[in-house]
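The values are calculated or read from the model by the stated rules, or taken from the named source; none is laboratory data. Quantities reported herein were computed from a predicted structural model and do not represent experimental measurements. Cβ placement follows ideal geometry from the backbone for every residue including glycine, while neighbour counts extend to all protein chains displayed.
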Amino acid sequence: MEPASHIWSDGELVGWDDGAVHFLSHALQYGSAVFEGIRAYETPEGTAVFRLHEHMVRLEDSAKAYAIPMRWSADQLDEASLELLRATGLKSAYIRPQVFYGLGAIGLDPGPAPVHTMIGAISLGAYLGDDGISNGVRTMISTWRRISDETLIPTAKGSGGYLNSVLAKQEALAAGFDEAIMLNERGGVSEGTGMNLFVVADGEVRTPPVSAGILEGITRNSVIELLRSEGDTVCEVDITRGGLYAADEVFLTGTAAEVTPVREIDRRPVGDGKPGPVTRKAQELFAAAAAGKLDDFRHWLHFA
Ligand code: PMP
């Protein structure tokens, strides 16, 4: 990770090395925090943050879900992110806001600990690699099941819950794959470790619904809207493991991963093993929207 010049800490811009937390912070002990991941793109008209406000609203929703009181509103955090981008001079960036419990409680009840808010911004290339974006990634179905509503809150980005994704990612990498696909506790397809999943089959585009234990991704929503605007049929339906193996195309979507084709699942090629036409179309539409080239979707961009 390349350091940036500044980081935003509880309302102030401080030097990259000056944003500190205590070792005994509640969030470090127990993962009692919520976070977001947001991308800003370099465009001919300047740096554009993609769906900034929606991300900050999701941060508020995550905090509410885990009962973490927030000091700053989504509007204030929008402004803070833009201020941070201007201070760092980053033309494109991955922005990481986090709301977390600090020092003040050693037991499980975080109540006595103060709540801190920070926003970091760094440079980030293709999350699953340039080859992954161009030719597709190799995946395996994880032996780990995606977190469920019975134990955690899949629709919220709670930091502690991400140990589930860490286990699946490490397992996939150790087995020689690029990424893991996680099933839910019913054995249905849920999503990747930090990205949603789409399949193309029988001439339609399908993605698992919220009830499949997914995080309701903002890139997922963007791709659904973009493909529908082109006349494609996109359905939110349960997908089985067999349906995944049989699909003509599979791709992953996420802020970090953008639109990444899947070329292999459990050593079976997806389609003919090359990214298919719908995947390419989704990639092109998403890139055009992020670059401000689609008039109908310019409201998704927030210029720094
Ligand atoms: N699922 C999980 C578990 C994630 O962490 C992410 C990344 N935020 C996504 C899906 C994709 O969401 P988004 O498109 O909003 O980044």
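Select, from S134, S81, the only residue that is farther than 30 Å from I265 by Cα and out of contact with any Ser or Thr (no Cβ under 7 Å at 6 or more places or on another chain).
Numbers: S134 fails: farther than 30 Å from I265 by Cα.
So the residue among S134, S81 that is farther than 30 Å from I265 by Cα and out of contact with any Ser or Thr (no Cβ under 7 Å at 6 or more places or on another chain) is S81.
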Output yes when any residue across the stretch 11-23 is among the aromatic types (F, W, Y), modelled with pLDDT of 95 or more and in contact with a Ser or Thr (Cβ under 8 Å, 6 or more places away or on another chain), and no when none is. yes
Filter the stretch 233-257 for residues that are within 16 Å of the ligand (Cβ to nearest atom) and polar (S, T, N, Q) and give the result. T253, T255
Restricting attention to strands (runs of 3 or more DSSP E) lying wholly within the stretch 190-238, give those where 1 or more residues are assigned by TED's automatic domain parsing to the domain that holds T143, touching a Pro at 6+ places or on another chain (Cβ under 9 Å) and over 16 Å from V262 (Cα atoms). 234-236
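For the stretch 211-218, indicate whether the set of residues that are in contact with a helix residue (DSSP H, G or I) (Cβ under 6 Å, 6 or more places away or on another chain), within 16 Å of the ligand (Cβ to nearest atom), under 24 Å from T155 (Cα atoms) and of a type outside the set (S, T, Y) is non-empty. Talk me through it step by step, then tell me what you get.
Filtering the stretch 211-218 down to residues in contact with a helix residue (DSSP H, G or I) (Cβ under 6 Å, 6 or more places away or on another chain) leaves 216, 218.
In the following step, the residues that additionally are within 16 Å of the ligand (Cβ to nearest atom) were identified as 216, 218.
Among the residues that remain, those that are also under 24 Å from T155 (Cα atoms) are: 216, 218.
From what's left, of a type outside the set (S, T, Y): 216, 218.
Checked against the condition, which is being in contact with a helix residue (DSSP H, G or I) (Cβ under 6 Å, 6 or more places away or on another chain), within 16 Å of the ligand (Cβ to nearest atom), under 24 Å from T155 (Cα atoms) and of a type outside the set (S, T, Y), the stretch 211-218 yields at least one hit.
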Starting from the stretch 202-218, keep only residues that are at positive phi, then list their pairs with residues that are assigned to a strand (DSSP E or B) and modelled with pLDDT of 95 or more whose Cβ atoms are within a distance under 6 Å, requiring at least 6 positions of separation or different chains. G213/S190
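Take the stretch 241-256 and flag every residue that is more than 23 Å from the chain's Cα centre (by Cα) and assigned to a loop (DSSP other than H, G, I, E, B).
Quick first cut of the stretch 241-256, residues more than 23 Å from the chain's Cα centre (by Cα) only: 242-243, 245-248.
Correct list: A247, D248.
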Within the stretch 153-165, the residues that are of a type outside the set (G, A, S) and within 11 Å of the ligand (Cβ to nearest atom) are P154, T155, K157, Y162, N164
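Just to confirm my filter: which helices (runs of 4 or more DSSP H) fall fully inside the stretch 27-136 and include at least 3 residues that are touching an Asp or Glu at 6+ places or on another chain (Cβ under 8 Å) and touching a residue at least 12 places away in the same chain (Cβ under 8 Å)? Steps first, please.
Numbers: elements: 52-65, 74-88, 130-135.
Helices (runs of 4 or more DSSP H) meeting the threshold: 52-65.
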Can you tell me how many residues in the stretch 145-187 are in a loop (DSSP other than H, G, I, E, B), over 17 Å from the mean Cα position of the chain (by Cα) and buried (at least 20 other Cβ atoms within 10 Å of the Cβ)? 2
Among the candidates R241, R268, single out the residue that is of a type in the set (K, R) and more than 23 Å from D149 (Cβ to Cβ). R268
Quickly run through the stretch 27-59 and pick out the residues that are surrounded by 18 or more Cβ atoms within 10 Å (Cβ to Cβ), within 23 Å of Y101 (Cα to Cα) and more than 14 Å from the ligand (Cβ to nearest atom). A27, S32
Selection count where residues are in contact (Cβ under 8 Å) with a residue 12 or more places away in the chain and assigned to a loop (DSSP other than H, G, I, E, B), scope the stretch 1-26: 12
